[in-house]
Every structure is written in C-alpha cells, then in structure tokens.
1. For the chain, what is the calculated [θ] at 222 nm in deg cm²/dmol (nearest 500), taking -39500 (n - 2.57) for each run of four or more DSSP H residues and dividing by its residue count?
2. Cross-link partners among aspartates and glutamates for K246, C-alpha distance below 17 Å, same-chain residues fewer than 8 apart left out?
3. Starting from the Cα-Cα distance between S99 and E215, subtract it from 0.36 nm times their residue separation and give me the gain in nm to one decimal.
4. Which of the peptides 113-126, 262-275, 52-65 is most tightly packed, and how do the rest follow, judged by the mean count of other Cβ atoms within 10 Å per residue?
Amino acid sequence: MHISDFDFELPEALIAQYPPAVRGSSRLLAALPNAPLRDEVFSALPDWVAAGDVLVFNNTKVMKARLFGQKASGGKIEALVERVLDADTALAHIRSSKSPKPGTRLVFEGGVEAVMLERAGELFCLRFEGGQTVYEILAQNGHLPLPPYIERSADDSDDSRYQTVYAKHQGAVAAPTAGLHFTDDLLAQLQAKGVHCAEVTLHVGAGTFQPVRVENIAEHQMHSEWFEVPDATVAAVEAAQQRGNKVWAVGTTSMRALESAARETGRLKAGCGDTDIFITPGYRFRVVDRLITNFHLPKSTLLMLVSAFSGTAHIQAVYRHAVAQQYRFFSYGDAMLLGRFDHSI
C-alpha cells in the first residue's frame, strides 16, 4: 500500500492545543463492526463494556525529557532524552547548530553537566555527572515534551494533564493519550460493573511522531520502544478469552505491547524487551478485540494501525464523520471506540 492511501484533509482548527477543561469530558465516537456510528461522551464508556471484559492500560509515565543548555565551548543545545540506560547514562536526540562530537561537554540548566560519549544511530549517548540519577536530573531541570503539533510551550497544568491518572513507571517521552480520558471515578465505575483492569508498560518514544518518508509503506523502518507484559496481565487476558469476553486495548501503545508479546507463538506471553512491530492492513490480530484511541495524524503509522484493525474503508468513513462533526484531534483531542474487522484491508 502507498502512503497516499492514508491521507486525509484535516482543518487546522481541529488540532487540540489544550486538554478539555475537565479530564474525562471529551467526546467518544463509537465505531463498532456492523453498526452505525454513534456520537457519545467519554463518560458513557461503561455502557459499552461488558462485565467480564478486560481493559489493558499502558502505565508508562512521561519524563520531563527536554533539557536546554549549551556546549562548554559555547553554542546553544537542546537534548530530548529518549531512553534512560542506567543511573547516569541516557540516549538523547540533540538539536544544535553542529552535532557534538565524542568527548564534548554539555552544560544544561541548573548547572547539570554531561559528556557526549558516542553516537547511536540518530541518537547521542550522554553520561551525566554530579551524582544525581538521570531521572532526578530530569525531574528537577527538565521540561515536559509536548508533541510537535501543539504550538505552545508546556505549562504547569500540562504536568498533570499530559499524564494518565494511573501512570507508574517513568520512561516515556510522549503520553499514551487514549488513557488521558480516564479518571479515578470512571475506573471505579468500570470495576464496579465487573470489568477487569490490567496493565502493560510501553515507554513511548519520540519516534511515535516520526513521519513516514517513503511512498511504499513496506519500506518504512519502524522505531523501537521498550515494553513489558507481566504475568498478571497474561492471566487476565486468558481468563477473559476463556469466558468469551473481549480484550480491550486502551490506546495503540497497549495494542502494540500486547500484539508484540504474542508475535512469536500467536499466544500472549509474559516478558519484556524492545519492539519495532509495524501493524499495517493485512495484519492478523492475535489478542485485541476492541480499541480505545484518539484520532491520528494523516499518513502516520498509527493511522495505518487502526486501518489494519478496523478496515481501511471503515476508518476513512470514521475520519470523514469526525471531521464533519468537528471532533478534536490528536493528543489532547477526543477518542474513538473501534472493533476488530478480521482480515479486512
């Protein structure tokens, strides 16, 4: 398939620049198989989930991953920490007039110093000095990295609103945005109904915003992200399947973690590692029956994923409806509820 198959016209005014005033007050477009599209509110989600179903959430936590500073020799520099390797070492994207060479000393806000050790592809390996861990340095001196289509700097409200209420494990540079709609009250309603909640971890990387630069999508090289699926989640999914209940992925990152963990054998297995799974139309889903997700960028890998899940023609109709009804798009936007269309392209 070609990149042009996943393009659509999106009015700029529909790109959400701020979250809704109240968490959970977003709209929800229900787009299930063999059913008319329905315009809902996200707080109505429990009406769509059956007792015994399992919802799988990505519990990653967004780091304040952006650091501003300069080279010791002068010259402004910006680092976006992509992955923390150990207590004092991290891989980062670097923006500067000239790329730093191995041995270059960098000085960031707060007097934080680091040495560039080596290149790792498009990333730079940095060793931070001073005795603090990378996570401590980011918490004290870093800035929240809002997505590139949000045309403003992060403010204090983003520290909480660009984070899910169930975030646990630091490591992401972008939020698992379908989870931003959930409140503690909504989670309690789902559990009171008999819905089971399970968790995975996938540390969302900056590559999630990387554009597809090839015409033939089969030639695209997917970025790699670290994920973990625990034993308890495997047990919850298997129990739901045995009961005849549905498995819901809350967000494409939960979807990618679950499908990656079932990649080898076709059955979900506990474990952790890196995944570069690239889900495009024709992919056979092994785990997920329902998907809650936001609306994605034109020509993006995530638009290809939802097209694989629900069928390209169906997704095109869903997006036409969303634009016509002025749904809010992308990270701080509204959500949709999708069902799996097996073997659809």
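Just so you know, all these numbers are worked out from the coordinates, no wet-lab data involved. These figures come from a predicted structure and were not determined experimentally. Glycine also receives a Cβ, built like all others from the backbone with ideal geometry; neighbour counts cover every protein chain displayed.
1. On the way: 7 runs with 67 residues, N = 345.
The per-residue figure over the chain is -5500 deg cm²/dmol.
2. Qualifying aspartates and glutamates at Cα under 17 Å: D47, D53, E199, E238, E259, D289, D342.
3. Details: separation 116, 0.36 × 116 = 41.76 nm, distance 2.91 nm.
That works out to 38.8 nm of additional length.
4. 52-65, 113-126, 262-275
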